[in-house]
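Novice: Attaching a single structure in structure tokens format; questions to follow.
None of the figures in this text is laboratory data; all of them are computed from the coordinates on show. The structure presented is a predicted model; accordingly, all values stated were derived computationally and were not measured. Don't worry about glycine lacking a Cβ; one is built from the backbone with ideal geometry, like all the others, and counts go over all protein chains shown.
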Amino acid sequence: MKQKIVALIGQTNAGKSSLLNRMAKKNIAIVAREEGTTRDNVVAKIDDCFLLIDTAGLKNPEDDFESSIQDQIADAVDSADLILLTLDSSKYPSIKDKNIAKTALKSKKPVFLVLNKSDLGESLEDTEFLKLGIKDYDTFRTSATTGQGVENLKSAIKNKLGLKTGENPDIEKEPTIKLALIGRPNVGKSSLFNKLAKKQQAVVSSKQGTTRDINRVEIKYKGQKIEILDTAGLRKPGKREVGIEKFSAIRTLAAIEEADICALLVDSKESHSKLDQSLAGQIVEAGKGIIVVLTKADLLDNSKPVTSIISDKSHKTSDNQPTYTKIDHILDNLERDFDFLPYAPVLITSSETGKNVTKIFDLTLEIDAARHTELKTSELNRVLREAIVAHPPAGLKNTHPKPKYIVQTDVCPPWFVIHGREMELLHWSYKRYLERKIREAYPFVGTPIKFSFHNEKKMLK
């Protein structure tokens with residue numbers, strides 16, 4: 001059963017992000033912010049029933065991942081099963097609000113009007129919003145601040161989509177690993193999808209051409225059921241701007257959220273871009289397993305060496321100079337550009353020749369096992385003690401952070417909580433150091449791991 005998608009659309013400052021957090025019953029926030037790798041989350045699974053996506057969070061004018069507000073609305077209209085047009089109830093609807101409503105209604109998708117910030121004294125009457133063309137019975141008043149009307153809105157969404165509380169369309173009786181093929185347009189996703197579908201012992205079912213252009217096929221590999229998701233049609237015809245790869249961010253986000261493991265496809269014939277890094281950051285941020293797949297290896301000419309990793313005109317080639325094949329050159333550049341993914345396995349593949357295609361399944365099984373790994377508290381604390389002895393954490397002149405013990409609180413992804421004193425003084429580099437030490441003992445191949453740091457209360461004398 002396909003994942004239902006609900007999209008929040010509307011102008012800025014209507015409270016869409018706050019409403020998403022309120023509906024998800026938690027603050028959606030990233031653990032680390034590194035330029036070019038991660039961004040604010042814009043997607044949340046609500047009550048294990050549907051995905052809620054905030055289109056405004058996709059906008060970043062300095063990133064290839066960005067699309068204009070109109071493109072975002074078009075993506076929402078095209079991809080969502082239900083649209084939430086969110087307005088600030090204290091402001092009269094503008095011409096832009098009317099145009100957005102008109103675009104949404106033309107889609108023939110269900111459209112709810114959400115009048116947010118209804119707890120404010122200056123909130124306008126419902127009649128002021130009738131001109132938008134949305135029926136009064138599809139209008140809901142909410143407050144992301146107080147929670148007013150949020151449960152009523154969620155119930156209406158579930159009823160409209162035919163879902164029940166606690167119903168998760170993704171869960172099947174037989175355990176299935178979901179593997180999503182993610183990447184830029186023309187990177188070879190569909191070719192790899194077709195090759196993977198034909199490689200294995202038995203094709204269980206084929207569900208081609210869903211409404212969100214995510215092709216699916218289920219196979220069995222070594223007794224394990226794997227569903228492959230191909231995020232085809234990422235770029236809209238005629239919507240590509242010169243130098244910018246346009247694609248449907250909503251479909252990609254939905255595929256990442258639905259998947260257990262993502263294969264990030266990178267074209268071996270092209271240089272890596274910020275878009276590749278952004279996609280990798282989205283996968284890591286979502287806590288999904290990741291495999292970096294270099295495609296089109298059959299097109300590389302390895303008979304011609306290159307003399308350096310990064311071209312340097314001040315150095316001339318000589319017989320004594322070390323040489324690298326083109327694969328070496330690509331891998332070194334990959335290591336440099338994706339230095340935030342040292343745990344991600346890299347596969348060099350060719351859909352044309354079938355090179356290393358089956359290894360994707362082997363890595364999928366290995367990463368799935370890593371994602372479900374539960375470590376003993378005693379072993380974790382041994383690693384923590386050894387790390388602290390080898391390199392004590394720095395702090396202020398008279399105050400130092402004092403990590404005391406560590407516990408694992410979750411899997412998929414593995415989540416660790418470190419308890420101690422003055423933990424707010426723990427430098428980000430030391431947090432990376434602790435992660436590195438844990439990975440040295442337990443590699444967690446292709447698996448992001450999450451950390452929280454908890455301050456213990458000081459005992460009063």
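Novice: In which sequence would 114, 6 go, from the one with the fewest C-beta neighbours within 10 Å to the one with the most?
Specialist: Ordered by Cβ neighbours within 10 Å, fewest first: 6, 114.
Novice: Of 451, 401, 416, which is farthest along the charge dipole of the stretch 345-461 in the positive direction, counting Lys and Arg as +1 and Asp and Glu as -1 at C-beta?
Specialist: In the stretch 345-461, that residue is 401.
Novice: May I ask for the distance between the Cα centers of the stretch 104-129 and the stretch 267-288, given as a whole number of Å?
Specialist: The distance from the Cα centre of the stretch 104-129 to that of the stretch 267-288 comes to 37 Å.
Novice: Pairs 135/158; 106/225; 4/288; 198/269; 4/96; 25/222: which are spaced more than 29 Å apart, C-alpha to C-alpha?
Specialist: Beyond 29 Å between Cα atoms: 106/225; 25/222.
Novice: Here is a follow-up. State whether the stretch 377-455 is rounded, prolate or oblate according to the following rule on the C-alpha gyration tensor (a ≥ b ≥ c being the square roots of its eigenvalues): a/c under 1.5 gives rounded; otherwise a/b larger than b/c gives prolate, and the remaining case gives oblate.
Specialist: Prolate.
Novice: In debye to the nearest 20, how big a dipole does the stretch 377-455 give about its Cα centre with +1 on each Lys and Arg Cβ and -1 on each Asp and Glu Cβ?
Specialist: Taking the Cα centre of the stretch 377-455 as origin, the dipole is about 200 debye.
Novice: Go through 413-426, 383-396 and give me the packing order, highest mean Cβ count within 10 Å leading.
Specialist: My ranking of the peptides, most packed first, is 413-426, 383-396.
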